[in-house]
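A.B. asks: Sending over a structure as structure tokens; questions will come in a sec.
Derivation of every value follows stated rules applied to the coordinates shown; laboratory data play no part. Every value quoted in this text rests on a predicted model; they were computed, and no experiment measured them. Positions of Cβ are generated from backbone atoms using ideal geometry, with glycine treated the same way; all protein chains shown enter the neighbour counts.
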Amino acid sequence: MPKLSLTIPLLLIALLAYTAPQAVAQDAPKLRGISACNAALDLLEDGKPGEALKVMQDAKGTMDAEDEWLWWGNTGHCHRDLRQDAEALEHYGQALKLKPDCWFRIYYCRLLHEAGRWGEALEELNQKIDFDYQERADRLKSVINGPFKQRWPLTWGKLETTSKKGNYQIVSDVGVSVEEMDKLEQEAGKLDLESKSDQKKLEKLLKPNDDLISLANLAELARDEYMRFTGLKEKDMPEGKVFKVFFFMNEDDFHQYALECGGDGDTENTLGFYEPNMKYLQLYSQPGAKSKVCGLALETVDTFFHEGWHQFFDMLTEQTPIWVDEGLAEFLGHAEVKSKGAKIELGLLIRVRGDTYTRYERIRETIAQVEYVPFNKFFRFTSSDWNDGDVNIHYAQAWSIAYFALKGKDDNFRKDYSKMFWELMKGRHVDEVVDEIFTDEKLDQYQAAWLKYWKTT
């Protein structure tokens, strides 16, 4: 998020006077004006949205009139990181009323996008915006419009469907060839869309392929599994969130769309990824797969379960510790799919998988060679820690911890693992949560139990 000192020249003098983040202590004077905004931004960067919100609330009414929009927008950031979407939208909206071309329009529209309010988001994105944010606005428009509207302006709707529960919008050309879509577009072009009879004909032409509908149902089943394993109920979920997922049958389309939405071109040898900045998931199905589910290669569907977890976890909290995020993604990333996608079972234990060296095989070897990372260090891993060491070992250990928590026999560890999610969802910093729940004494006990489990499983 922008630091005010770098993006608002007219506030330069005020910001130069603010030289360092100020601690928020009970006996410290309340921060005012721009200083409060910058202190709140620092707290947000540190993963402390609750404290940041307190700073902004205490600073209400202390901004100069011409800077009032900054109070509203930055307070919106605090609510956003606490996953309080309604409050965030309200505050971003007030910022836009005071300064229509400000950068908070991006964050406002992204929340509209996450809520499935795509028409409103596009209308807002077409308004004037700060020049430095125009490219980001264009990328978000690409995500919302999808990859097929430009090529098939009359019939792109055939390639989109919303799941029955409304939690997913699935966009895919599965089950429909380019030639078939071109033919449908020609037929639609001959219709009089003012005529009710022709409107019904168009509606029939746009009926989604059965595989697309099955994919939407499969996505809902995956969401149910994510909730089951984390102990969440529907009442615990943020309201109104709609996940947007793209499945491509053509590899070139997959890579091109990633670029249009802001990618860096590094999608070779990739079957799918979740994009946390633009809040969408895209995947590619390799041709010629022996095993298929809902018209897609089974490996692509497994990738969806993995990346779909990242999308789900990001919806719950801003704090997504990498060892938890990747561990559960690996745990959930292999499934048994039955009845053409009508039933699934995630969290399977895959001991051997052809020529692929499984997480099970690697963690057994890692434990035997005493190459695992001690729990009191691993549970505090940052992304830098993760990438600096042996990533294959880190993935295997993270997976094994998730499996041990959710399918092992240590009830105390399972409860603490679940409790961690609830605390992270409150907007608390991961280090604070880990230190509180997983004391060194507990971690020693859990590590010993984990070692025993995997030596005998």
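A.B. asks: Please list, in order, the residues from segment 292-311 whose amide nitrogen is less than 18 Å from a point placed 7 Å along the Cα→Cβ vector of L348.
C.D. replies: Answer for this model: 292-309.
A.B. asks: I'd like the distance between the alpha-carbon centres of segment 383-457 and segment 131-172, rounded to an integer number of Å.
C.D. replies: Here the two parts' Cα centres lie 37 Å apart.
A.B. asks: For the chain, what is the charge dipole size about the Cα centre, in debye to the nearest 20, if Lys and Arg each add +1 at the Cβ and Asp and Glu each add -1 at the Cβ?
C.D. replies: 1460 debye
A.B. asks: So how do 142-154, 33-45, 57-69 stack up, highest first, on mean other-Cβ count within 10 Å?
C.D. replies: So the order, starting with the most tightly packed, is 33-45, 142-154, 57-69.
A.B. asks: In percent, what relative contact order does the chain have, based on Cα pairs under 8 Å that are 6 or more apart in sequence?
C.D. replies: It comes to 12 percent, rounded to a whole number.
A.B. asks: Let me ask something else. So what is the relative contact order of segment 378-457, in percent, for Cα pairs below 8 Å that sit 6 or more residues apart?
C.D. replies: After rounding, I find 31 percent.
A.B. asks: Given the Cα atoms of the chain, and with Rh set as the inverse mean 1/r over their pairs in the Kirkwood sense, what is Rg to Rh to two decimals?
C.D. replies: Rounded to two decimals, Rg/Rh equals 1.00.
A.B. asks: Starting from the eigenvalues of the Cα gyration tensor, five times each then square-rooted, give me the equivalent ellipsoid semi-axes of segment 100-252, largest first, whole Å.
C.D. replies: Over the Cα atoms of segment 100-252, the semi-axes work out to 28, 24, 14 Å.
A.B. asks: Kyte-Doolittle cut-off -0.5, length cut-off 18 Å along the helix's own axis using Cα: show which whole DSSP H helices in the chain pass.
C.D. replies: 33-45, 85-98, 210-230, 298-316, 391-407
A.B. asks: Right, another one. Taking every Cα atom in segment 308-368, find the radius of gyration and the maximum pairwise distance Dmax, and write them in Å.
C.D. replies: 14.1, 40
A.B. asks: Based on alpha-carbon centroids, what's the gap between segment 265-297 and segment 190-230 in Å, whole number please?
C.D. replies: About 20 Å separates the Cα centre of segment 265-297 from the one of segment 190-230.
A.B. asks: If you don't mind, another one. Hey, how much of the P(r) for segment 272-380 falls beyond 16 Å, as a percent of Cα pairs?
C.D. replies: That fraction is 68 percent.
A.B. asks: While we're here: Rg (Å, one decimal) plus Dmax (Å, integer) for the alpha carbons of segment 349-457?
C.D. replies: 14.1, 43
A.B. asks: Further question on the same structure: Identify the GluC sites (Glu not before Pro) of segment 357-394 meeting these criteria: DSSP loop state and at most 15 other C-beta atoms within 10 Å of the C-beta.
C.D. replies: E371
A.B. asks: How high is the relative contact order of segment 148-305, given as a whole-number percent (alpha carbon pairs under 8 Å, six or more residues apart)?
C.D. replies: Relative contact order, segment 148-305: 24 percent.
A.B. asks: Based on the mean of other beta carbon atoms within 10 Å per residue, what is the order of 386-392, 204-210, most packed first?
C.D. replies: Taking the mean over residues of other Cβ atoms within 10 Å, the ranking is 204-210, 386-392.
A.B. asks: Roughly how many Å is it from the Cα centre of segment 307-375 to that of segment 45-97, as a whole number?
C.D. replies: Comparing the Cα centres of segment 307-375 and segment 45-97, I get a distance of 37 Å.
A.B. asks: With no solvent and one point on each alpha carbon, what is the Debye value of log10 I(q)/I(0) for segment 163-213 at q = 0.15, 0.21 Å⁻¹?
C.D. replies: Reported log10 I(q)/I(0), two decimals: -0.52, -0.85.
A.B. asks: Right, another one. By the scheme Lys and Arg +1, Asp and Glu -1, what is the net charge of all other residues having a beta-carbon under 15 Å from that of E187?
C.D. replies: 0
A.B. asks: Extent of segment 36-112 along each principal axis, from alpha carbon coordinates, in Å, largest to smallest?
C.D. replies: Over segment 36-112, Cα extents along the principal axes are 29, 28, 17 Å.
A.B. asks: Moving to a separate point now. If we restrict to alpha carbons, what Rg and Dmax does segment 45-169 come to, in Å?
C.D. replies: When restricted to the Cα atoms of segment 45-169, Rg and Dmax are 16.7, 53 Å.
A.B. asks: In deg cm²/dmol and to the nearest 500, what is the mean residue ellipticity at 222 nm of the chain if only DSSP H runs of at least 4 residues count, each as -39500 (n - 2.57), divided by the residue total?
C.D. replies: -16500 deg cm²/dmol
A.B. asks: Moving to a separate point now. Rg to Rh for segment 177-299: what is it, with Cα atoms only and Rh by Kirkwood?
C.D. replies: My calculation puts Rg/Rh at 1.04.
A.B. asks: Note down the net charge around E336, summing +1 for each Lys or Arg and -1 for each Asp or Glu among other residues with Cβ under 11 Å from its Cβ.
C.D. replies: Its environment carries a net charge of 0.
A.B. asks: With both partners inside the chain, how many of the DSSP beta bridges are antiparallel, as a percent to the nearest 5?
C.D. replies: Antiparallel: roughly 60 percent of the beta bridges in the chain.
A.B. asks: Of F273, A86, A121, whose Cα points farthest to the positive end of the dipole of the chain (charges on the beta-carbon: +1 Lys, Arg; -1 Asp, Glu; origin at the Cα centre)?
C.D. replies: A86
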